[in-house]
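Notes to accompany the following structure.
Each value in this text was obtained by applying a stated rule to the coordinates, not by laboratory testing. Quick caveat: nothing in here was measured; it's all calculated off a predicted structure. When we count neighbours, we look across all protein chains shown, and the Cβ atoms used for this are built from the backbone with ideal geometry, even at glycine.
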Amino acid sequence: MSTLRSRWFTPAADSLLARTLRRGRPAWSEAVHVLWSAWVFVTPAFSPYGYDGRWWLLTALSYPVFLWLYARVLLAPAHAAWRYALGMVVLCLALLPWYPSGMSYFVFGCVFLHVSRARTSVPELVALLLLNIVFLGWAVVLGYPWQAIVWMPVVTVIVGLIVHVERLNEARDASLQLSQEEVRRLAATAERERIGRDLHDLLGHTLSMVALKSDLAARLVDRDPAAAKREIEEVARGARDALGQVRRAVSGIRAAGLAAELASARLLLEADGVAFDYSLDTDMAQAILSPLVETTLALTVREAATNVHRHARATHARATFAIEDGHAVLCIDDDGRGGVFKAGNGLAGMRERVQAVGGRLVVRGDAGCRVEVRVPLAQPQATEADAASQPDAVAAFPAHASHLDAGVERDQ
């Protein structure tokens, strides 16, 4: 019994419900359309027979069958879903002599007839036309008033078009998501190749020199210790130069561009239905930001956008940039639920990055959420000794870290 239940109620890999779940939508978003079958229970109010015993009997027998067919349309493989839709049409035609409420089954059957495809083909359009002709002819033979049957093709066409447009939008969104993922994959591949070339150019010559001079020093250590010492000193100096070049390269690799982060934030939020815009005052637009300041602001934008996306339930967000008293000021506001903020990984990481460059972070949640960052434009230059004592200092600004954080966490 459990095997049979699993086979009948587990969605097939290419079923309508499985495709819906893969897009990140809940299962009820497809099942909720069954509520339109309420017309089965409303139709008798317009019938001269009303809610008589025959209606109750036929409803008790047919409605569970309809629900089963509806579930099979959602769960069945794409190539077989049309059979259950056609079953709804047959159920309506079989009951039509005694059961006007069954006309709702006909509408569902026609709408679900091409549910397995995003685009309606000519054979499916012909099938819909033929089914409506059969329905109209059968209803006329049974003596149904024209007012009761003329609206059926109209409703079938209107609802079918609405569902068809919805499927087209879903297919377009899925295609857009695949395109975006492909762009990101290609960008990541190109970045890895560039990093590989840069590191090869930086280290290839230096490591060859280190190997050559190390061999030379080994041969000179007994014969000419002073010369061997000079060679070892040159090896150490070359290694330090290479280390400095690698640090500068890694710093450039990990730096986040403000313009790129704003574009990513807009893409993320608008895909979630949140309008996002930003503005720069005249001084900010003309300012040349140091890489450290730009990276700090860019990662703050990323964290704040992640917070709005995951927690805020907002409809609009806005970022403003300004220069005030030698500070770059970033304010990000949303009209979400606000509330009390917990010190999660996202907020803690954001605060640490800002404080590391001498800045200040303020988060308010009175009406929506407001994130305000003030970072001094003048940043002290790190000395070689500082860099040597903090070889991983650049790791305080990982461009990828915010995707692992939960953003600013809001109390439920």
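What ranking of Tyr105, Tyr144 emerges when the number of other C-beta atoms within 10 Å of each C-beta is taken as an exposure proxy, fewest first?
Tyr144, Tyr105
Return a whole-number percent for the relative contact order of segment 2-144, with Cα pairs under 8 Å and 6 or more residues apart as the contact set.
25
Roughly how many whole Å is it from the C-alpha centroid of segment 306-323 to that of segment 19-54?
39
Under the rule a/c < 1.5 gives rounded, and otherwise a/b versus b/c splits prolate from oblate, where does segment 44-162 land using the Cα gyration tensor?
Because a/c hits 1.5 or more and a/b fails to exceed b/c, segment 44-162 counts as oblate.
Check which residues have an amide H placed less than 5 Å from His316's amide H, if you skip close sequence neighbours.
Counting only residues 5 or more places away or on other chains, the set is Ala275, Asp335.
Using mean Cβ contacts within 10 Å as the protection proxy, how do 300-312, 52-64 order, highest first?
Descending packing order for the listed peptides: 300-312, 52-64.
Counting other C-beta atoms within 10 Å, which of Val157, Val126 has the fewest, and how do the rest follow?
Val126, Val157
Determine, for each peptide in 327-337, 70-80, 25-35, 265-275, the mean count of other beta carbons within 10 angstrom over its residues, then list the peptides with the highest first.
My ranking of the peptides, most packed first, is 327-337, 70-80, 265-275, 25-35.
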